[in-house]
Amino acid sequence: MTAATLTGPDAPPAEAAAPAVNWPMLFLGFGGMAIGQFMAILDIQIVAASLPQIQAGVGASADQVSWIQTAYLIPEVVMIPLSAYLARLWGTQRVFLASCGGFVIMSVMAGMSTNIDMMIIFRAMQGFVGGAMVPTVFATAFSAFPPERRVTANVVTGMIVTLAPTIGPSLGGHLTDWLNWRWLFFINVVPGLLSMFLVGRWGNFDKGDQRLAHNFDWFGLAMMAIFLISMQYVVEEGAKDNWFEDDAILWLTVLALVTGAVFLWRQLSYFQPIIQLRAFADRNFSLGILMAATSGLALYGGTFLMPLYLGRVRGFSAAEVGTTMLVSGLAMFITGPLAGRWVRAVDPRIPIFVGYSMVAWGMWLGHAVNGEWGFAEFAAVQAFRGVGVMVAMIASTQLTMSTLPMHLIKDASGLLNLARNTAGAVGMAIIASNLTTQAAVHMNDITSRMDRSSIEGQAMMSGLTHRFAQLGLADPEGAAYKAMHYMIGQKAQILAFGDAFAFMAVCAALAALLALLAKPGKIHPGGRAFTPEPEH
């Protein structure tokens, strides 16, 4: 006789029925968090197309204006992993409300800035307090939704993570044209208040554990902050300062390595660590971290590279750049729901492989970029990239997080977002540095083949001299030499952009291969569906 047919005192206790899910309250509460997450990610890139206008508005120099983005990103990376501990201590709802409220206040203060020092301070505070909104939403997608609905929640978060930085430059460029640059920050007020209302009313997803406040690891927090701030500064500013040729970059790299090692030791040895690193024992999570890093590189690197090319080579305005970039955003928006259905129906390794392969192909198409490329040519690149990133991100997040026990989800979410953001910053720094280096390499190579002693160089000089002579210039040969030098420089720069696209294509192809090393596992049943707390 099986256990299932036993009756009487020897029968096993009946399993408790799963609590019914209050779907309207879950969707309203989670939807409020999604609005806040969108704002926090959008603000990374919304200023990208409007930096010249902000520079003029706050009286910043060319060197100082880059800190409008850097000041946001550096403190944010500290809050992302710390938010998991705070959510376990105070509960997700309280942490999110504090983060969203602080973000709105700092947004208003940044919009009211009258000089660059005020702008940098408030942008840094905005990034720090807003950094908790992103990972808490990812964690809630797994802890509050029943297992069969987690893919749907991942579709929502995946669309936000991919869409927000993509449409950021477009929205920012148009806002600046229609109103002025201050509305890049003021625009956060209404959605921020709506997010706080929804989460405050229906977002009571879990309870905190106040016992975690005892014996808090202040030393570990200090090491983590120094490590992340130093590392982020190096990757953000290294390319502009010639990396280790600059003493500050060199010593901050040493500091990051030392404090990073001490922080790792502390988290593995302290009885109550700030970050639970045990998630790395899960094979899928470890591979997922690498895939998240690649998606960050493809997402932020592509969003950085394409506007730079359109502005620097093609001379597009901020609004024209934004309109061109909308193609990838539209591709992602259309793909999200379809990708969610596909991920639910098949082994997630298949959509991960296909998604990253599409990203690799799209980026490789960009390898053939030339000086005539504009909206039409970049549409194919952006469509492949947009669809691929969306499919791969939804599937990889599902595969990465679904096999973890629920008590590690909050920490794992923070680590996953930290990997994505840090890799994006590293990727942008590498791309910026390589653009300069490769442009110089191609310049030397073309110049060696196009000097005045070469047949091709003589033919070009002769044609240009004849054209300028017809225009009646006083020194047609000198004008021809300058024009030839300019054209060679443009050609070298375009080839450098092609190399950057090829670099991202290789990274995406490697991520596709990583997906084949993962192993599908049963979704961990330890979570509970969200049931609202009774109102008093």
What ranking of L221, L198 emerges when the number of other C-beta atoms within 10 Å of each C-beta is taken as an exposure proxy, fewest first? L221, L198
For the stretch 20-208, what's the relative contact order in percent, using C-alpha pairs closer than 8 Å and at least 6 residues apart? 43 percent
Residue exposure sequence - Y486, Y300 - by fewest surrounding Cβ within 10 Å: Y486, Y300
If the chain between H407 and Y270 were fully extended at 0.36 nm per residue, the gain over the current Cα-Cα distance would be 47.5 nm
Contour excess over end-to-end distance, with Cα ends at V313 and D209 and 0.36 nm allotted per residue: 32.0 nm
Where does each of K410, K482, K491 land when they are ranked from fewest to most other beta-carbon atoms within 10 angstrom? K482, K491, K410
Take the eigenvalues of the Cα gyration tensor for the stretch 156-235, scale each by 5, and report the square roots as semi-axes in whole Å, largest first. 33, 23, 13
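None of the figures in this text is laboratory data; all of them are computed from the coordinates on show. Remember, predicted model here, so these are calculated numbers, not experimental data. Please note: Cβ atoms are built from the backbone with ideal geometry, for glycine as well, and neighbour counts cover all protein chains shown.
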